[in-house]
Amino acid sequence: MKILVTGGAGFLGSHLCKKLLSEKHRVICIDNFYTGRKQNIDELTTDTNFQIIEGDITKPLDFEELDRIYNLACPASPPAYQKDPVYTWRTSVLGMNNMLELSRKNNNVPILQASTSEIYGDPLEHPQKESYWGNVNPCGIRSCYDEGKRAAETICMDFFRKYQTPVRVIRIFNTYGPNMDPQDGRVVSNFIMEALTNQDITIYGDGSQTRSFQFVSDLIEGMTRMMENKEGSTGPVNLGNPVEFTVKQLAEIVLEMIPESTSKIVFRPIPGDDPKVRKPDITLAREKLGWEPKVPLREGLFKTIEYFRNQIL
Ligand code: UDP
């Protein structure tokens, strides 16, 4: 197949491109390198089935004879998406519209939208099922991302209802692994980098807030299963690892796994609207996709720590 991956040089996009190439598809990767990194796709450029195009999905793009579109383009770490909030919602909202129009121009090819657990906001239901509408501040510092992604889901469903566009919406929970930008500001990359460089481990708040961390290979497997699901299910479907940790537990595990580190845990003010809990209910993904995560936290962290170690050398 000829497959377009937007955000293909990003953390998730690069793993997806690699998997699709290993299955012998032709992959066109679009990235504007706002948060995507050339080094993530270096190893793919020798494959003649791989094409990288520097481009921005907020502008209409023209491609022909596509078979699939994966829409992953968007800054995703809180510091990255808050740096230029207008650009963030434009990428989510205008980018989604442009990619759905592109699907229509290509005979309504299946299009997968990388949505997010952030659409649940600071959830009042725990764990979060897809039927939960969420608790999101529409005017806060996270809104450019949360509401941008919520609007993108709306646009997907409207294209499905009006044009029968085969949309596939996945809600991605906190994901980590190799190819994360060590500087991107997310908790897993921050804690590992701080521990490896003997700096303070910075917990925001008291560390009692929870997240459920999924290793990247599990997510990519779920993502491609969702795209190819035989029922033609639109989703949304949660993809995440339901094993929940407090942020303080994560800091302790990282320190335990880097025993040579002299880092100490310190506490910093918690940023606005930081969700207090997050854990996916993955019943739907189990039933519809026969999918569940396989990689436990320590195993995934081991691989991620090795990756970051090599980045520092
Ligand atoms: N966090 C932290 N220290 C850091 C980075 C993040 O304590 O150096 C906390 C953050 O406040 C949040 C959680 O870790 O409660 C997850 O943050 P992340 O930025 O990874 O993603 P989020 O799930 O908030 O989008």
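Every read-out reported here was derived from the displayed coordinates using simple, explicitly stated rules and does not represent laboratory data. Being a predicted model, the structure only gives us computed values, none of them experimental. All Cβ positions, even for glycine, are placed from backbone atoms using ideal geometry, and neighbour counts span all protein chains on display.
Observations
- Shown here for the range 284-313: GluC sites (Glu not before Pro) in loop regions (DSSP other than H, G, I, E, B) with at most 12 other Cβ atoms within 10 Å, of which there are none.
- Relative contact order for the range 6-92, counting Cα pairs under 8 Å that sit 6 or more residues apart, in percent: 32 percent
- In plain terms, the C-alpha convex hull of the chain casts an average shadow of 14.9 nm² when viewed from every direction.
- For the chain, the antiparallel share of DSSP beta bridges with both residues in that region comes to about 10%.
- Here the label points at E125 and R298, each 7 Å from Cα along the C-beta direction, are separated by 3.5 nm in the simple model.
- Cα gyration tensor shape of the range 41-108, rounded if a/c is under 1.5, else prolate or oblate by comparing a/b with b/c: oblate
- As a rough footprinting exposure proxy, the listed residues R278, R298 were ranked by other beta carbons within 10 Å of their own, and the order from fewest upward is R298, R278.
- Spatial separation of Cα centroids for the range 268-285 and the range 188-241, in angstrom: 11 Å
- Using the Cβ-Cβ distance between K38 and V86 with R0 set to 30 Å, the FRET efficiency works out to roughly 0.75.
- In the chain, the calculated helix contribution to ellipticity at 222 nm averages -12000 deg cm²/dmol per residue, counting -39,500 (n - 2.57) for every DSSP H run with n ≥ 4.
- Backbone geometry of the range 128-139 corresponds, through the Karplus equation with coefficients 6.51, -1.76 and 1.60 at θ = phi - 60°, to 3J(HN,Hα) couplings of 8, 9, 4, 6, 6, 7, x, 9, 10, 6, x, 10 Hz, x marking Gly and Pro.
- Sequence-separation-based contact order of the range 173-297, relative, with Cα cut under 8 Å and 6+ spacing, percent: 38 percent
- In whole percents, the pair-distance distribution calculated for the range 1-73 from its alpha-carbon pairs, binned every 5 Å from zero, is 4, 19, 35, 25, 14, 4.
- For the range 13-115, the list of trypsin sites (Lys or Arg not before Pro) that fall in a loop by DSSP and count at most 14 other C-beta atoms within 10 angstrom reads K24.
- Spherically averaged projected area of the range 256-300 from its Cα convex hull (nm²): 5.6 nm²
- Relative contact order computed over the chain (Cα-Cα under 8 Å; 6+ residues apart), in percent: 17 percent
- Ranked for footprinting exposure by Cβ neighbours inside 10 Å, fewest first, E118, E130, E194, E228 give E228, E130, E194, E118.
- Each peptide among 200-208, 177-185 gets the average number of other Cβ atoms lying within 10 Å of its residues, and from highest to lowest they stand as 177-185, 200-208.
- Every pair of different Cα atoms in the range 163-299 enters the Kirkwood calculation, which places the hydrodynamic radius at 16.3 Å.
- Within the range 128-252, percent of DSSP bridges classed antiparallel, to nearest 5: 40 percent
- Built amide H within the under 5 Å cut-off of V237, gap 5+: V169, I170, R171
- Neighbour-count ranking [beta-carbon atoms within 10 angstrom, fewest first] of T224, T48: T48, T224
- Sorted from longest to shortest, the spans of the Cα atoms of the range 218-261 along the three principal axes equal 49, 18, 10 Å.
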